[in-house]
Amino acid sequence: MCIIELKNLYKYYNKGKNTEVRALKGINLKINKGDFCSIVGVSGSGKSTLLYIIGCIDKLTSGTFYFEGRDINGMKDCELAKLRNQKIGFVLQEFGLIEEETVLNNILVPTLFSKQKKIEEKRIEEICEELGILELINIQVKKLSGGQRQRVAIARSLINNPDIILADEPTGSLDTENSYKILEIFEKLNEQGKTIILVTHNMELARKANKHFTIKDGIIYEADI
Amino acid sequence: MRKGLEIFYNFLKQDKLKNIIIILQIIISVFAVTFLLVPIIKNVETMAIINNSNIGENTILFSSNFNLLISPKTYFNENYNIIKKFINNIDGVSETGTVYLASTNKNDFNLFLYDKLVCNTIKLQIQEGRWFEKSDLESNKIIPIIISDNMKSEYHVGSTIEIEMPEYKTEEMKKIKCIVIGILKRGTYMYYGSSNHTDPSVSDLFSKLHLKERIAIIPNILDFEAEYAAKDGIIINCDISKLNNIYDKINLSGIGKINTLNMLKQNDSKNVILYNESQIYQFLIVYIFIIMSIGGYTILTSLNYKRLLTIYYICGLTWQKGLKYIILKNILLILIPTILSSIFSNIIVCYFKTIYTFNIKVVIITVLLYMSIAALASVLTIINLKKYKPSEFLKEVD
């Protein structure tokens, strides 16, 4: 089942001005439910822009974008917010965590915006145990190591049980050992049925995915790496 | 609702130190604003009362000389009557009027007696019922009485009050039946009739009625000679063409000083305008500094929220809702300390400068002024944050 479909998608910044940047040029992409995709490209190639559009953070300039068969273009801000909350989980390079808050409060951030009254403690425990951060739950994020922080970010992305995890250079700030541990987590999540889109410039990590794409000057190519 | 409060609390607890600095700035500046606003408001209110009174060309104010043997403390009937008789006998004087304070503590309020001329000239603000009319000023079996707002729970317009007054010569207490014809406006200005001999002014005659001060006013139409203390300001109704004669007679006698109320009123107006102008300039300078410090700091602090806002955005908050939380945070962070410190600083000002009484208008104006800073800071924050796209913030967060 196709979860994401992009047709002839363009993204321009500062359109019509002298400073116009053509970040994405005619992207056509299909991602099925359960896929583990990697998108590789050099800095400034447009890979993060593509990820933000898929994650409903940024808007496309032209083309069409279907998320689970629904056209994203006509959606209101509140519908997009609901989609980000319920269907998408984000993992960022620098983790995007609230430093002064505890691990638990960071993990629970997406639940603040969902209609679900309360998340079962058992579910929080399960996620944290699986990611090896159960004993850290009441510790402030600023006291954690990089690897631990990224696990917290992954736990946060999973709390609302989304269908798709978008990871933007998730190992960019980690050492090799921690990078592989994080990758193992993504592999495990993919085995459990989650769709993973991993943006990286690390070819070794990208090879672990089962679908590979390369992005160059705003144009995407299916790659065999 | 609970989740909304939780999100709001998360916004509030970010940048604790900066928020504490904003609160401290508010507390300190509210004190400065209150010290400047209290006299301005008092002057404006006093002028309104003066302008409302029936002060005509032919009304003059006599301020007695404190250095005379007749000091205010000895201003009981005999001494006072000597002065009054002297003034009344001057060619051109048609009527004199004074305020008296009943010298007894038998009543559970301060009882003031107004001469007919005072009743006709000064009209205090009434919230219920009416002020004295001509028919009230003739000798009646039942005396009309006007009471302060804080006696409203015990009496209403139409109810009777029995007051006690000592008879001057026998010191025998006499009971007098009064009927309530009016209730003074809460916190209005009361005509006490005190006048400063060296520098007489109309505004000295009035003072804001303290909220806890229980007072009652009756016209001075008693059918016996009561014991009371007279106030040192006497208003005189005269033939204006004989003003020079009256002026000479009083000046030569050395008992006091006279000025036409109209002239004093104009002087007062000029002084009030001059005083208020200087106060307003000072106030504007202080206010500009406040806008720059509190407003600027609030904007800077709010811009720091873009990280939290972006994290919340990727987790499912809309950008608009996030901005609303920041505005709400700005408003509450400024509103609550402003209200509390404004009330507190008003109490402090009134405690140290007893000529002022607590005035809710000062609190309201202060709150409105600070709300305008919160609104300005919020608008500028939104303009700044709206220029950016969440994806740009995300690159910064990342």
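Would you point out the residue of the stretch A:55-70, among those that are over 22 Å from A:TYR13 (Cα atoms) and outside any loop (DSSP other than H, G, I, E, B), that is nearest to the other protein chains (Cβ to nearest Cβ)?
We begin by selecting, within the stretch A:55-70, every residue over 22 Å from A:TYR13 (Cα atoms); these are A:67-70.
Keeping just the survivors that are outside any loop (DSSP other than H, G, I, E, B) gives A:67, A:70.
Details: A:PHE67: 15, A:ARG70: 17 Å.
Among them, the one singled out is A:PHE67.
Here is a list: B:SER195, B:SER207. Which entry is under 23 Å from B:LEU261 (Cα atoms), assigned to a loop (DSSP other than H, G, I, E, B), in contact (Cβ under 8 Å) with a residue 60 or more places away in the chain and not basic (Lys, Arg)?
Working: B:SER207 fails: assigned to a loop (DSSP other than H, G, I, E, B).
Only one candidate qualifies: B:SER195.
Out of B:SER302, B:SER345, which single residue is among the polar types (S, T, N, Q) and either in contact with a Cys (Cβ under 6 Å, 6 or more places away or on another chain) or under 26 Å from B:ILE41 (Cα atoms) (or both)? First the steps, then the outcome.
On the way: B:SER302 fails: either in contact with a Cys (Cβ under 6 Å, 6 or more places away or on another chain) or under 26 Å from B:ILE41 (Cα atoms) (or both).
Answer to the selection: B:SER345.
Hey, among the residues in the stretch A:76-93 that are part of a loop (DSSP other than H, G, I, E, B) and buried (at least 17 other Cβ atoms within 10 Å of the Cβ), which one's farthest from the other protein chains (Cβ to nearest Cβ)?
A:LYS87
Considering A:GLY46, A:GLY34, which residue is in contact with a strand residue (DSSP E or B) (Cβ under 8 Å, 6 or more places away or on another chain), more than 9 Å from chain B (Cβ to nearest Cβ) and at pLDDT below 90? Walk me through it before giving the result.
On the way: A:GLY34 fails: at pLDDT below 90.
Matching residue, one of A:GLY46, A:GLY34: A:GLY46.
Do we find a residue being among the polar types (S, T, N, Q), crowded, with 20+ Cβ neighbours inside 10 Å and within 30 Å of B:ILE26 (Cα to Cα) anywhere in the stretch B:252-265?
No, the stretch B:252-265 contains no residue that is among the polar types (S, T, N, Q), crowded, with 20+ Cβ neighbours inside 10 Å and within 30 Å of B:ILE26 (Cα to Cα).
If you take the residues of the stretch B:285-298 that are surrounded by 20 or more Cβ atoms within 10 Å (Cβ to Cβ) and among the β-branched types (Val, Ile, Thr), which of them is farthest from B:LEU12 (Cα to Cα)?
So, considering only residues that are surrounded by 20 or more Cβ atoms within 10 Å (Cβ to Cβ) and among the β-branched types (Val, Ile, Thr), the one farthest from B:LEU12 (Cα to Cα) is B:ILE290.
Within the stretch B:1-54, count every residue that is away from every other protein chain (no Cβ under 14 Å) and of a type outside the set (Ser, Thr, Tyr). Step through it out loud before you land on a result.
To start, the set of residues in the stretch B:1-54 that are away from every other protein chain (no Cβ under 14 Å) comprises B:20-54.
Add one more test, that the residue is of a type outside the set (Ser, Thr, Tyr), and what stays is B:20-28, B:30-33, B:35-45, B:47-52, B:54.
Of the residues in that region, 31 qualify.
Cβ-Cβ under 7 Å, sequence separation 6+ or interchain: first residue in the stretch A:172-191 and in contact (Cβ under 8 Å) with a residue 12 or more places away in the chain, partner aromatic (Phe, Trp, Tyr). Which pairs?
Pairs found: A:ASN190/A:PHE36.
If you check B:GLN282, B:GLN320, which single one turns out to be loosely packed, with under 15 Cβ neighbours inside 10 Å, at pLDDT 80 or above, more than 30 Å from B:ASN140 (Cβ to Cβ) and within 14 Å of another protein chain (Cβ to nearest Cβ)?
Details: B:GLN282 fails: within 14 Å of another protein chain (Cβ to nearest Cβ).
Answer to the selection: B:GLN320.
Would you mind finding the one in B:ASP248, B:ASP239, B:ASP199 that is farther than 16 Å from B:THR121 by Cβ and modelled with pLDDT under 85?
Values: B:ASP248 fails: modelled with pLDDT under 85; B:ASP239 fails: modelled with pLDDT under 85.
Answer to the selection: B:ASP199.
I'd like to know if the stretch A:11-30 contains one or more residues that are farther than 29 Å from A:THR171 by Cβ, out of contact with any His (no Cβ under 8 Å at 6 or more places or on another chain) and at the interface with chain B (Cβ under 10 Å from one of its Cβ atoms).
no
Looking at A:ILE215, A:ILE182 in this structure, which one is more than 14 Å from chain B (Cβ to nearest Cβ), part of a helix (DSSP H, G or I) and crowded, with 20+ Cβ neighbours inside 10 Å?
A:ILE182
Filter the stretch A:121-145 down to residues that are within 14 Å of chain B (Cβ to nearest Cβ) and assigned to a helix (DSSP H, G or I) and give me whichever is nearest to A:ALA167 (Cα to Cα).
Once the filter is applied, the top-ranked residue is A:VAL141.
Taking the conditions exactly as written (over 27 Å from B:ILE26 (Cα atoms) and either over 25 Å from the mean Cα position of the chain (by Cα) or without any contact (Cβ under 8 Å) to a residue 60 or more places away in the chain (or both)), does B:ASP248 satisfy them or not? Walk me through it before giving the result.
Working: over 27 Å from B:ILE26 (Cα atoms): yes; either over 25 Å from the mean Cα position of the chain (by Cα) or without any contact (Cβ under 8 Å) to a residue 60 or more places away in the chain (or both): yes.
Judged against the criteria, B:ASP248 is a match.
Mind checking which pairs have a first residue in the stretch A:150-170 that is in a helix (DSSP H, G or I) and a second that is polar (S, T, N, Q), Cβ under 7 Å, 6 or more apart or different chains?
If the second residue must be polar (S, T, N, Q), the pairs left are A:VAL152/A:ASN106; A:ARG156/A:ASN106.
Does A:ALA206 fit the bill of being surrounded by fewer than 17 Cβ atoms within 10 Å (Cβ to Cβ) and either over 26 Å from A:LEU83 (Cβ atoms) or β-branched (Val, Ile, Thr) (or both)?
Working: surrounded by fewer than 17 Cβ atoms within 10 Å (Cβ to Cβ): no; either over 26 Å from A:LEU83 (Cβ atoms) or β-branched (Val, Ile, Thr) (or both): yes.
Against the criterion (surrounded by fewer than 17 Cβ atoms within 10 Å (Cβ to Cβ) and either over 26 Å from A:LEU83 (Cβ atoms) or β-branched (Val, Ile, Thr) (or both)), A:ALA206 does not qualify.
For the stretch B:302-317, enumerate the residues that are within 11 Å of chain A (Cβ to nearest Cβ) and crowded, with 21+ Cβ neighbours inside 10 Å. So that I can check it myself, show each step before the final result.
At the first step, the residues of the stretch B:302-317 found to be within 11 Å of chain A (Cβ to nearest Cβ) are B:307-308, B:310-317.
B:LEU308, B:THR310, B:ILE311, B:TYR312, B:TYR313, B:ILE314, B:CYS315, B:GLY316, B:LEU317, listed by residue number.
Can A:LEU97 be described as of a type in the set (A, V, I, L, M), in a loop (DSSP other than H, G, I, E, B), facing another protein chain (nearest Cβ under 10 Å) and in contact with a Lys or Arg (Cβ under 7 Å, 6 or more places away or on another chain)?
Details: of a type in the set (A, V, I, L, M): yes; in a loop (DSSP other than H, G, I, E, B): yes; facing another protein chain (nearest Cβ under 10 Å): yes; in contact with a Lys or Arg (Cβ under 7 Å, 6 or more places away or on another chain): yes.
It is true that A:LEU97 is of a type in the set (A, V, I, L, M), in a loop (DSSP other than H, G, I, E, B), facing another protein chain (nearest Cβ under 10 Å) and in contact with a Lys or Arg (Cβ under 7 Å, 6 or more places away or on another chain).
Please determine whether any residue of the stretch A:110-120 is in a helix (DSSP H, G or I), closer than 15 Å to A:ILE154 by Cα and in contact with a Lys or Arg (Cβ under 9 Å, 6 or more places away or on another chain).
For the stretch A:110-120, residues in a helix (DSSP H, G or I), closer than 15 Å to A:ILE154 by Cα and in contact with a Lys or Arg (Cβ under 9 Å, 6 or more places away or on another chain): present.
Give me the residue from the stretch A:138-156 that is farther than 12 Å from A:LEU97 by Cα and modelled with pLDDT under 90 and, out of that set, surrounded by the fewest Cβ atoms within 10 Å (Cβ to Cβ).
Checking each candidate, the answer is A:SER145.
The values are calculated or read from the model by the stated rules, or taken from the named source; none is laboratory data. None of these values were measured; they are calculated from a predicted model. When we count neighbours, we look across all protein chains shown, and the Cβ atoms used for this are built from the backbone with ideal geometry, even at glycine.
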